[in-house]
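Every read-out reported here was derived from the displayed coordinates using simple, explicitly stated rules and does not represent laboratory data. What you see is a predicted model; the values in this text were computed from it and never measured. Every residue, glycine as well, gets a Cβ built from its backbone with ideal geometry; the counts of neighbours run over all protein chains shown.
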């Protein structure tokens with residue numbers, strides 16, 4: 001159980017990035033956080049990862065408070081961030097330094113196999129396509145078998161075909177390892193295709209405004225009616241979250257003329 | 001799923017293509033190597049012909065045949081190798097001293113903002129002093145023999161290496177450092193597994209620049225009173241009016257400089273095969 005308890009984050013310049021954010025994610029659940037850019041969703045993920053510290057509130061993983069990067073929490077960044085001087089296999093095994101070399105190689109090989117890149121074990125990162133590189137990044141995050149995997153818009157830099165195939169890949173991996181997935185995205189289709197639950201965020205300060213429980217069975221039909229309906233629900237919630245924000249014209253209509 | 005496999009195979013085609021293009025330049029290397037000789041050999045032959053056919057006197061600018069004869073004479077008497085050994089020994093000592101000092105101070109300055117603010121302004125101020133300006137002081141301090149020469153070469157090698165390592169440390173990508181943090185690397189592990197490999201390419205370039213300056217400063221050092229060394233051959237040639245000896249010595253500098261630079265580059269190459277460099281995409 002991952003618990004985000006009343007988190008507040010204020011940056012040194014005084015900007016309030018997050019206000020009273022609460023989430024409870026069950027073990028093995030897939031939760032997507034959606035919202036426009038600048039709504040604080042990446043900040044939230046960095047706090048859960050322990051890369052930054054919240055100003056107020058706490059983050060608990062199975063009763064343990066997270067104050068720094070935790071061995072049971074993996075992170076997939078928006079960019080692959082592979083280390084260019086390591087081969088694909090060495091990158092995949094990067095987080096297994098405390099494991100003896102033979103076992104490390106075996107586990108790196110296994111996790112590469114899972115993402116379909118076993119043939120590329122000896123390649124350099126520069127020889128990979130964008131989608132392949134991101135698969136190695138996912139393999140690297142999963143190799144230490146984390147309980148929670150955080151993904152920060154992991155597929156947003158990829159083309160639509162690659163994105164769709166990586167989403168399916170991610171679900172296969174989830175089936176195999178059953179980690180808790182917390183995914184930040186601005187792609188509503190991605191959110192409803194992957195998640196059990198979608199949380200909608202609103203900016204200034206960042207907070208949750210809606211929670212949509214999808215309760216849809218897997219495998220899901222990407223083009224089916226159920227997903228379409230879910231997508232509309234999320235979009236509507238997002239739209240509400242935008243409209244509820246009073247804009248300059250609404251406050252002083254004459255100013256727009 | 002069919003879309004997936006199509007994607008896979010196109011990705012595989014991509015990689016095999018890049019593997020081909022990486023292998024291709026290696027096959028052409030033999031020919032490429034010769035291209036570099038065309039210009040100097042053509043110039044040498046033209047000058048040789050100009051002197052032979054009486055278009056030029058060749059007294060102050062001797063033709064290649066005379067330069068090579070001089071070089072040969074110096075070589076068979078063993079003189080040449082004595083001078084080369086003296087000069088190379090000075091370079092190696094000065095370069096080693098300069099590189100060790102520059103690496104330690106560069107790493108210290110790169111380690112934290114505080115240490116950088118403490119030492120970098122002083123070093124930048126010293127860098128503004130033309131290195132040759134130290135010569136009189138070094139002679140007073142260390143005498144006119146080996147120590148002052150080695151110190152001058154060390155000063156010459158120091159600054160490019162210091163700037164290179166400091167700049168490389170400061171430009172390490174925050175994003176990959178964050179990957180290290182995510183995997184909870186200790187500070188020594190972060191240095192060993194992320195910082196060192198990340199700064200290595202820029203460090204190698206700075207070492208090559210430093211070595212190049214080392215060759216420059218060894219001549220200056222040998223001008224200030226030496227009884228052996230390639231710089232001594234230059235001065236000796238000037239004083240006794242032997243331009244062929246000067247040119248023989250210059251030619252030796254060119255060859256030795258190129259060889260040492262290539263050795264340094266070759267020593268570093270195995271550690272840099274991962275680089276996605278412009279030059280590789282031939």
(message) Under 4 °C and 1.567 mPa s, how fast does the range B:193-262 diffuse according to Stokes-Einstein, given a Kirkwood radius computed over C-alpha pairs? Answer in µm²/s, whole number.
(response) 94
(request) May I ask you to list the residues of the range A:141-167 whose amide nitrogen lies under 20 Å from a point 7 Å from Cα along the Cα→beta-carbon direction of residue A:98? (result) A:141-150
(request) Quantify how strongly other chains surround peptide B:179-191 by giving the mean number of their Cβ atoms within 10 Å of each of its Cβ atoms. (result) 5
(request) Report, for chain A, the % of DSSP beta bridges that are antiparallel, rounded to 5. (result) 50
(request) Quick one: work out the % antiparallel among DSSP beta bridges in the protein assembly as shown, nearest 5. (result) 50
(request) Quick one: compute a quarter of the convex hull surface over the Cα atoms of the range B:81-121 and quote it in nm². (result) 3.1
(request) Compute the normalised compactness of the range A:1-142: alpha-carbon radius of gyration over 2.2 N^0.38 Å, N being the residue count. (result) 1.20
(message) Taking only Cα atoms of chain A, what ratio of Rg to Rh do you get with Rh as the Kirkwood inverse-distance radius?
(response) 1.00
(request) In nm, give the distance between the simple-model label positions of residue B:32 and residue A:15, each being 7 Å from the Cα along the Cα-to-Cβ direction. (result) 4.6
(request) Take peptide A:66-73, look around each residue's Cβ out to 10 angstrom, count Cβ atoms belonging to other protein chains, and average those counts. (result) 2
(message) Viscosity 1.567 mPa s, temperature 4 °C: give me the Stokes-Einstein translational D for the protein assembly as shown in µm²/s, with Rh taken as the Kirkwood radius over C-alpha pairs.
(response) 45
(message) Students often check this: by mean Cβ neighbours within 10 Å, which of B:48-59, A:31-42 ranks highest, and how do the rest follow?
(response) A:31-42, B:48-59
(message) Could you give the length gained by full extension between residue B:227 and residue B:81, i.e. 0.36 nm per residue of separation minus their alpha carbon distance, to one decimal place?
(response) 51.2 nm
(message) Report the Cα centroid-to-centroid distance between the range B:90-166 and the range A:175-189 in angstrom, as an integer.
(response) 54
(request) Considering the convex hull of the alpha carbon atoms of the range A:76-175, report its projected area averaged over all viewing directions, in nm², one decimal. (result) 5.9
(message) Rounded to two decimal places and with Rh computed the Kirkwood way over Cα pairs, what is Rg over Rh for the range B:47-113?
(response) 1.39
(message) Angle check, please: helix A:101-114 long axis (alpha carbons) against the longest principal axis of chain A (alpha carbons), in degrees 0 to 90, nearest 10.
(response) 60
(request) Ignore the peptide's own chain and count Cβ atoms of other chains within 10 Å of each Cβ in A:94-107; give me the average, rounded. (result) 1
(message) Just to verify a number: FRET efficiency for residue B:266 and residue A:53, C-beta to C-beta distance, R0 = 51 Å, to 0.05?
(response) 0.60
(request) Between residue B:189 and residue A:229, with labels modelled 7 Å along Cα→Cβ, what's the label distance in nm to one decimal, could you check? (result) 4.9
(message) Under the 0.36 nm per residue contour assumption, what length would be gained going from the current alpha-carbon distance of residue B:140 and residue B:251 to full extension?
(response) 36.7 nm
(request) Estimate the FRET efficiency between residue B:240 and residue A:3 by the formula 1/(1 + (r/R0)^6), using the beta-carbon distance for r and 51 Å for R0, to the nearest 0.05. (result) 0.05
(message) Compute the helix-to-body angle for B:196-223: its Cα long axis versus the longest principal axis of chain B, expressed 0 to 90° and rounded to tens.
(response) 10
(request) Only helical DSSP H runs with n ≥ 4 go in: add -39500 (n - 2.57) per run for chain B, normalise by residue count and round the 222 nm mean residue ellipticity to 500 deg cm²/dmol. (result) -27000 deg cm²/dmol
(request) May I ask for the Rg/Rh ratio of the range B:149-282, computed from Cα atoms with Rh as the Kirkwood radius, given to two decimals? (result) 1.15
(request) Estimate the FRET efficiency between residue B:170 and residue B:49 by the formula 1/(1 + (r/R0)^6), using the beta-carbon distance for r and 51 Å for R0, to the nearest 0.05. (result) 0.40
(request) Would you mind classifying the range A:1-70 by shape? Square roots of the alpha carbon gyration tensor eigenvalues, ordered a ≥ b ≥ c; an a/c under 1.5 is rounded, otherwise it is prolate if a/b is larger than b/c and oblate if not. (result) oblate
(message) Run the helix sum for chain A: -39,500 (n - 2.57) per DSSP H stretch of 4+ residues, divided by residue count, reported at 222 nm to the nearest 500 deg cm²/dmol.
(response) -10500 deg cm²/dmol
(request) With a point put 7 Å past each Cα toward its Cβ, work out how far residue B:259 is from residue A:178 in nm, to one decimal. (result) 6.8
(request) On a 0 to 90° scale, report how tilted helix B:64-76 is relative to the longest principal axis of chain B, with both axes built from alpha carbons and the result rounded to the nearest 10. (result) 90
(request) Just check chain B against the gyration tensor rule for me: Cα atoms, a ≥ b ≥ c as the square roots of the eigenvalues, rounded for a/c under 1.5, and otherwise prolate or oblate depending on whether a/b exceeds b/c. (result) oblate
(message) In Å, what Kirkwood hydrodynamic radius results for the range A:151-247 from the alpha-carbon pair distances?
(response) 14.4
(request) Work out Dmax and Rg for the range B:71-187 from the C-alpha atoms and quote the Rg first, both in angstrom. (result) 19.7, 65
(request) Could you rank the peptides B:264-274, A:106-116, B:146-156 by their average count of other C-beta atoms within 10 Å per residue, with the highest value first? (result) B:146-156, A:106-116, B:264-274
(request) Average the reciprocal distances over every distinct pair of alpha-carbons in the range B:27-82, invert the result, and give the Kirkwood radius in Å. (result) 13.3
